[in-house]
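Heads up, the thing below is written out as structure tokens.
The values are calculated or read from the model by the stated rules, or taken from the named source; none is laboratory data. This structure is a prediction, so every number in the text was calculated from the model and none was measured. We place every Cβ from the backbone using ideal geometry, glycine too, and count neighbours over all the protein chains shown.
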Amino acid sequence: MKVKTFAATIVLFAFFQAVQPNIAEDLGDVDAGSSSTENYSMSMDFDSSGQFDIGDITGLLYWMYRGGAAPDCSDAMDYNLNGRINIIDAVSGLRYLFMHTNSVPAMGAGCQVYADCEPADACHG
Ligand SMILES: [Ca+2]
């Protein structure tokens with residue numbers, strides 16, 4: 001029993017060591033947003049669902065090439081933060097989501113400050 005508890009503790013410790021930076025970053029940003037005039041949206045969250053997933057990449061591609069609806073926060077869709085939203089941003093998002101070979105979005109994962117965007121409900125719980 002002690003061995004199992006010890007092993008579980010080690011696993012949990014390793015898990016929290018691995019994810020701690022993201023948790024701290026997200027919590028800090030959300031807290032700061034609720035007490036200021038800054039606008040927050042989730043990076044690469046096309047539809048403000050609160051998650052960055054394949055649906056966001058689909059929406060981005062449909063908007064860019066098929067005349068679909070615009071993203072809720074265009075700035076949040078600029079993965080590499082070069083001032084242009086194009087296929088590179090979509091491909092970077094796909095690599096990040098499915099191949100784990102891309103760095104996080106330039107603005108960071110989770111909710112970030114996007115000054116020109118309306119605050120997304122997904123970032124204010
Ligand atoms: Ca870009």
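Screening Asp56 on (1) surrounded by 16 or more Cβ atoms within 10 Å (Cβ to Cβ); (2) modelled with pLDDT under 95; (3) touching a Gly at 6+ places or on another chain (Cβ under 9 Å) shows it passes everything except condition (2). Under the condition of being surrounded by 14 or more Cβ atoms within 10 Å (Cβ to Cβ) and more than 16 Å from the ligand (Cβ to nearest atom), the residues counted in region 60-82 number 2. Residue count for region 68-88, restricted to those that are touching a residue at least 40 places away in the same chain (Cβ under 8 Å) and assigned to a helix (DSSP H, G or I): 3.
Just one of the numbered conditions (1) away from the ligand (no atom under 16 Å from the Cβ); (2) in contact (Cβ under 8 Å) with a residue 12 or more places away in the chain is not true of Met99; which one? Only one criterion in (1) away from the ligand (no atom under 16 Å from the Cβ); (2) in contact (Cβ under 8 Å) with a residue 12 or more places away in the chain is unmet by Met99, namely (2).
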